[in-house]
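Encoded as structure tokens, the structure appears first; notes follow it.
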Amino acid sequence: MNKVDVSVQSYNKPESLIYSLLTLHKHCKDKVDTVWINDDQSDSLVMDKYHRLRDSNVLHPWKIETRVNKKRMGWWVSFSYKRIPKYVTLPFLLKRIAWNFYKNKTVFVEPQDFRYQWAIESTNKSKLLVIHDDVEFLGDVVSLLNSSLNNLDNPGIVGELGQCWRCRYKKTGCTPSKILDGVKPSEEWPMTRKVKSDHKWACRINEWVAMINVDVTREIAMDDNVFFGNYDDDGDIGAYWFSRLVDKGFSFDDPFASSNKDISYFKHWDGGITGHSAWVDQGNGQNKYNPEELSSRIFREFNYEV
């Protein structure tokens, strides 16, 4: 099997990100070449932790590349100059760039500032493993996803299909397994964002653990100005991008859909601390990020001091 690269986005949770990489290394050491850590303007000491990780031998033989975004991306749709997607109307554009100016003091961002785009543009591999910074790996997920992608005609992306918790079709009995069997919840699938504000783009391959075909991802960015890591059309990461992938005839798969394999291969974090909720303290204080606890765990399990 040819090696893959790994792309992971960083924001103020270096201990969590490092733990994710250490557990991935434990199970997939010989299957990864380069890890691309793209940081979204974290606090100043965060990058020092990644540089020490890079200079240590703990992830040998992996190469570690790091970058800091020029503009903070946040959890909203952004656009690059002269790279506006076709779906964008003038009112939509003006409203979103006004928000970006309020947050970033600029109306546009560079393509590499989008999540995972730096790795997508920079890698020399045909496949890229995209992960979150809050995943504990329990098995050889690289081999599983690589095999799943290789078995597809016109392969595009593989991983957990879903985001069903925010999709209106969940109430009608739609499931990832049904989608994979060719049973679509409506003629408009995979579009779930219509007119009402609660109808969002939802169906996608969740990017906390996913393997993407790099050439396909670059093609969609070039043809449609739709970047895998953007919140296009106010959908979540990769949701609108997934609709473009389907429309172009590329295929997808979920090797976890029917057998709870995710339990054997990874945890999208234990203790309920997932995503940005850990550091924005969602859940009335139940999801506070605890760097000391994670640092102790890393030292205990990997003999590495963060």
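Some notes on this structure:
- By the count of other C-beta atoms within 10 Å, a proxy for reagent exposure, H25, H51, H60 are ordered fewest to most as H60, H51, H25.
- Net +/- balance of residues flanking D253 in space, Cβ distance below 11 Å, scoring K and R +1, D and E -1: -3
- Calculated from backbone phi, Karplus (6.51, -1.76, 1.60) coupling profile of the range 163-171 in Hz, x at Gly/Pro: 6, 5, 5, 10, 9, 5, 7, 4, 5
- The convex hull of the Cα atoms of the chain, projected and averaged over all directions, covers 15.8 nm².
- Around K127: net Lys/Arg minus Asp/Glu count, Cβ-Cβ under 14 Å: 0
- Charge dipole magnitude, Cβ of K and R +1, D and E -1 - the range 92-150, Cα centre, debye nearest 20: 420 debye
- In the frame of its principal axes, the range 91-174 has Cα extents of 43, 42, 30 Å, reported largest first.
- Net charge dipole, the chain: roughly 760 debye, given to the nearest 20, about the Cα centre with Cβ charges of +1 for Lys and Arg and -1 for Asp and Glu.
- Peptide packing: for 183-189, 38-44, 160-166, the average count of neighbouring Cβ atoms within 10 Å per residue gives the ranking 160-166, 38-44, 183-189, highest mean first.
- Among K95, K71, K178: highest mean-square fluctuation, GNM of the chain, C-alpha pairs under 10 Å: K95
- Listed residues T89, T66, T175, most fluctuating in the chain (Gaussian network, C-alpha, under 10 Å): T89
- Antiparallel DSSP beta bridges within the chain, as percent of all bridges there, nearest 5: 40 percent
- Taken along the Cα-to-beta-carbon direction at a fixed 7 Å, the label points for D43 and L152 span 3.9 nm.
- Each Lys and Arg contributes +1 and each Asp and Glu -1, all at the Cβ; summed about the Cα centre of the range 1-43, the dipole is approximately 300 debye.
- Reducing the range 1-39 and the range 130-185 to their Cα centroids gives an inter-centroid distance of 20 Å.
- Largest mean-square fluctuation among N146, N104, N12, in a Gaussian network model of the chain whose springs join Cα atoms under 10 Å apart, belongs to N104.
- In summary, the lysines within cross-link reach of K170, defined as a Cα separation below 19 angstrom excluding same-chain residues under 8 places away, comprise K178, K184, K194, K196, K200.
- Using 0.36 nm per residue and subtracting the Cα-Cα separation, the extra length available between F101 and H27 on full extension is 22.3 nm.
- Each label was represented as a point 7 Å from its Cα along the Cα-to-Cβ direction; for S258 and R72 these points are 4.6 nm apart.
- Least to most buried among Y81, Y11, Y116 (fewest other Cβ within 10 Å first): Y81, Y11, Y116
- Segment W165-K248, extension gain: residue separation times 0.36 nm, minus the distance between their alpha carbons: 27.3 nm
- Structural descriptor for the chain: relative contact order 21 percent, calculated from alpha carbon pairs under 8 angstrom and at least 6 residues apart.
- Using the Cβ-Cβ distance between N2 and R218 with R0 = 22 Å, the FRET efficiency computed as 1/(1 + (r/R0)^6) comes to roughly 0.80.
Throughout, read-outs are computed from the coordinates displayed, never taken from laboratory work. Quick caveat, the model's predicted, so the values are computed rather than measured. Every residue, glycine among them, receives a Cβ derived from its backbone with ideal geometry; neighbour counts consider all protein chains shown.
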